[in-house]
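Asks: This structure is in structure tokens; I'll ask about it shortly.
The values are calculated or read from the model by the stated rules, or taken from the named source; none is laboratory data. In this text the structure is predicted, and so the values were computed from the model without any measurement. Glycine also receives a Cβ, built like all others from the backbone with ideal geometry; neighbour counts cover every protein chain displayed.
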Amino acid sequence: MKPSGFNPKARWDRHIPEDADASQQELLDEKIKVLAFFNSGKILPRLFIWRDKKYRVRATTYAWQERQGAETINRFSVYTGSDLYQLSFSNTTYGWRLDKILT
């Protein structure tokens with residue numbers, strides 16, 4: 001009999017190798033302040049403040065949702081003109097976090 005169940009690492013839209021080069025991303029998981037628009041069921045981050053510095057979001061390159069128990073985490077890959085950042089928004093805490101810097 002085939003085992004069945006939910007695999008949280010399974011993604012229908014893309015494959016991320018487990019052995020991806022860690023030097024290409026810096027894991028942070030820090031609280032940030034974000035100016036965002038909520039429009040027609042979409043969240044559109046426009047600016048974030050991290051370590052007392054403002055970063056203007058020029059483009060959201062990718063957005064997706066992940067479930068962690070009852071919590072839904074909205075994740076965003078945003079481009080500031082020089083770097084790519086991954087931001088997240090929690091639907092239970094209504095808080096924003098800077099997850100990583102992708103270089």
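Asks: Looking at F37, F6, F48, F76, which is the one that is at pLDDT 95 or above and surrounded by fewer than 11 Cβ atoms within 10 Å (Cβ to Cβ)?
Replies: On inspection, the qualifying residue turns out to be F37.
Asks: Still on this structure, please answer the following. Can you spot a residue in segment 85-93 that is surrounded by 11 or more Cβ atoms within 10 Å (Cβ to Cβ), under 19 Å from Q25 (Cβ atoms), small (G, A, S) and under 12 Å from the mean Cα position of the chain (by Cα)?
Replies: Among the residues of segment 85-93, at least one is surrounded by 11 or more Cβ atoms within 10 Å (Cβ to Cβ), under 19 Å from Q25 (Cβ atoms), small (G, A, S) and under 12 Å from the mean Cα position of the chain (by Cα), which makes the answer yes.
Conditions (1) closer than 15 Å to I32 by Cβ; (2) free of Cβ contacts under 8 Å to residues at least 40 places away in the same chain, marked per residue:
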{"residue": "G69", "(1), (2)": "no, yes"}
{"residue": "T72", "(1), (2)": "no, yes"}
{"residue": "T80", "(1), (2)": "yes, yes"}
{"residue": "Y85", "(1), (2)": "yes, yes"}
{"residue": "S90", "(1), (2)": "yes, yes"}
{"residue": "R97", "(1), (2)": "yes, no"}
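Asks: Can you name every residue in segment 37-63 that is of a type in the set (A, V, I, L, M, F, W, C) and assigned to a strand (DSSP E or B)?
Replies: Hits for segment 37-63 are F37, F38, I43, L44, L47, F48, I49, W50, A59, A63.
Asks: Determine whether segment 64-71 contains at least one residue that is within 17 Å of R46 (Cα to Cα) and assigned to a strand (DSSP E or B).
Replies: The answer is yes; a qualifying residue exists.
Asks: Hey, could you check segment 9-26 for residues that are outside any loop (DSSP other than H, G, I, E, B) and surrounded by 10 or more Cβ atoms within 10 Å (Cβ to Cβ) and say which is modelled with the highest pLDDT?
Replies: Going through the qualifying residues, I end up with E26.
Asks: To continue, here is another question. Within segment 87-103, how many residues are farther than 17 Å from L44 by Cβ and part of a loop (DSSP other than H, G, I, E, B)?
Replies: Of the residues in segment 87-103, 4 are farther than 17 Å from L44 by Cβ and part of a loop (DSSP other than H, G, I, E, B).
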